[in-house]
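One structure is given here, and the rest of the page talks about it.
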Amino acid sequence: MTKFSDLKLDPKVLSAVADAGYETPTPIQAGAIPPALEGRDVLGIAQTGTGKTASFTLPMITLLSKGRARARMPRSLVLAPTRELAAQVAENFDVYAKNTKLTKALLIGGVSFGEQDKLIDRGVDVLIATPGRLLDHFERGKLLLTGVQIMVVDEADRMLDMGFIPDIERIFQLTPFTRQTLFFSATMAPEIERITNTFLHTPVKVEVARQATTSETIEQKLIEITPARRDTAAKNKRELLRALIRSEGEACTNAIIFCNRKTEVDIVAKSLKAHDFNASPIHGDLDQSQRMRTLDGFRDGSVRFLVASDVAARGLDIPAVSHVFNFDVPSHAEDYVHRIGRTGRAGRKGRAFTIATPADEKYLAAIESLVKAPIPRGEIPEGFAPSVSAPRARASDDAKPARSRSGRGRSRSDSAKTEAAVAETPVVEAVETPRAEPRREDRREPRRDDRRSDRGGDRGGDRGAPVVGMGDHVPDFLLRSFRPRASTASAAKTTRTAVADSATDD
DNA sequence: AAAAAAC
């Protein structure tokens with residue numbers, strides 16, 4: 001088997017690699033490093049967690065160790081889709097270039113230009129950037145890319161997802177035709193294929209087997225609950241999450257909890273904190289310094305639960321996560337694979353729980369067809385006792401009745417709260433309305449049943465799943481109180497606030 | 001039902 005010492009890396013690089021405790025290159029490293037050292041273009045097809053970063057940083061440091069940088073003309077360029085990923089590549093350079101005099105700069109958004117400008121002015125060997133900030137610097141005339149000898153594109157398929165491909169093409173065109181290109185992508189979408197055909201010159205293709213999704217090191221469990229009402233779903237899911245965490249006990253040393261939306265990330269983190277769990281949120285709306293701090297805290301163990309949007313799903317190197325909880329079923333099946341891939345790494349055992357409700361059916365089906373296996377169903381933990389609160393009135397509840405809100409002399413948000421209490425009687429009245437007067441909500445009932453039986457059919461029947469909440473014995477009035485969410489912006493706002501507030505006291 | 005990235 002190949003050792004790092006068999007590769008023609010600079011001795012300074014080799015000693016740094018040895019210091020970091022590595023002896024044997026991963027397949028992508030063994031495949032990509034030799035051609036990269038020969039100056040060939042490399043097309044690497046590999047997922048994260050395969051050692052991809054070192055497969056380009058090690059040869060880059062070796063190649064760049066001769067020669068010196070000139071002001072405003074970086075000698076190499078690494079492009080990454082997210083700020084964290086770029087920061088991580090930068091850290092990688094620090095580790096492996098520690099015995100050299102190479103200089104680097106990290107150009108990412110959310111940070112002031114000043115420091116970045118100063119570094120560029122001085123001249124850097126390695127520039128690591130997200131596309132937006134790089135082009136920003138370029139347009140301000142602070143940067144020349146004509147000196148770039150090596151260009152790396154990391155996670156190209158994700159760049160594609162994020163709409164960065166035009167930026168990438170533009171950056172390619174700003175660098176010399178003679179540059180060496182190292183290009184990495186997890187998949188070869190047609191658009192990626194086109195880019196590589198255009199900008200890579202007879203590349204050496206290095207393909208690493210796709211990470212097995214039903215990896216033996218990841219134990220997956222799907223926990224399904226059927227909230228009695230749609231508006232308690234999130235609350236019930238938070239209760240279930242806590243019960244799951246508690247039932248995992250000590251085995252859960254640290255975990256990433258994924259939500260689909262940034263607002264949900266905030267709510268879940270806040271709720272966990274209120275229940276004395278050591279949790280911190282991370283998503284793209286938080287400021288950069290906080291994102292970094294949270295991530296550092298999670299790495300060093302001072303944060304136990306990282307509540308995250310899909311910023312953290314891919315690429316981030318967070319070693320040794322014992323658990324992943326999908327608070328929401330991801331709507332892109334691919335993301336499921338990336339999310340659960342955050343655990344069970346490097347031969348360690350990991351567990352991945354996914355919380356689902358009947359509304360997630362469609363996405364679950366997509367995930368199961370992608371991974372070509374059903375996600376094993378798990379038991380609802382002992383401690384789960386979902387709360388079912390009395391139906392709460394919505395803005396629409398009091399919109400149609402005789403009482404008009406005009407002339408009340410109260411602000412909308414003020415009145416919404418008081419009316420919520422006032423409106424309880426009308427809701428109960430609606431319950432007693434005989435069926436002879438058909439309501440829109442009645443139509444929901446048969447559909448719910450259909451869905452439930454469909455699912456039983458597809459997934460091998462009812463396994464005697466524990467009855468949750470009121471189970472099938474949900475009083476009709478609860479089902480009937482479903483209302484389509486009011487669509488005006490202000491109504492949506494009040495609803496969201498109500499949920500956010502409830503996060504602390506549920 | 002979305003997230004991410006530029007000011």
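The values are calculated or read from the model by the stated rules, or taken from the named source; none is laboratory data. Here the structure is a predicted model, which means the values were calculated and not measured. With ideal geometry, Cβ positions are generated from the backbone for all residues, glycine too; neighbour counts draw on all protein chains shown. These accessible areas exclude ligands, DNA and RNA; they are computed on the full protein's heavy atoms, side chains included. Shrake-Rupley method; radii C 1.70, N 1.55, O 1.52, S 1.80 Å.
Tabulated results
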{"item": "Dipole axis of segment A:4-207 (+1 Lys, Arg; -1 Asp, Glu on Cβ), positive-most option in A:Ile171, A:Phe184, A:Gln116", "result": "A:Gln116"}
{"item": "Lysines with Cα under 16 Å of A:Lys205, excluding same-chain neighbours fewer than 8 positions away", "result": "A:Lys52"}
{"item": "Gain in span if fully extended, A:Arg194 to A:Gln290, counting 0.36 nm per residue against the direct Cα distance", "result": "30.8 nm"}
{"item": "Carbon plus sulfur fraction of accessible area for segment A:4-207, probe 1.4 Å, in percent", "result": "51"}
{"item": "Apportionment of accessible area to carbon and sulfur, segment A:218-389, percent (1.4 Å)", "result": "49"}
{"item": "Anisotropy class of segment A:51-119 from Cα gyration tensor, a/c 1.5 cut", "result": "oblate"}
{"item": "Check: segment A:72-155 dipole with +1 on Lys, Arg Cβ and -1 on Asp, Glu Cβ, in debye", "result": "340"}
{"item": "A:Thr253 - accessible surface, heavy atoms, 1.4 Å probe, Å² rounded to 10", "result": "90"}
{"item": "Beta bridges per DSSP with both ends in segment A:4-207, % antiparallel, nearest 5", "result": "5"}
{"item": "Å² per residue, accessible surface of segment A:218-389 at 1.4 Å", "result": "39"}
{"item": "Estimated vicinal HN-Hα couplings, Hz - segment A:290-307 in sequence order (Karplus 6.51, -1.76, 1.60; Gly, Pro = x)", "result": "5, 4, 5, 4, 4, 5, 4, x, 5, 5, 8, x, 6, 10, 8, 10, 9, 9"}
{"item": "Segment A:10-121 - accessible surface per residue (Å², probe 1.4 Å)", "result": "39"}
{"item": "q = 0.22 Å⁻¹, segment A:28-68: log10 I(q)/I(0) [Debye, one scatterer per Cα]", "result": "-0.66"}
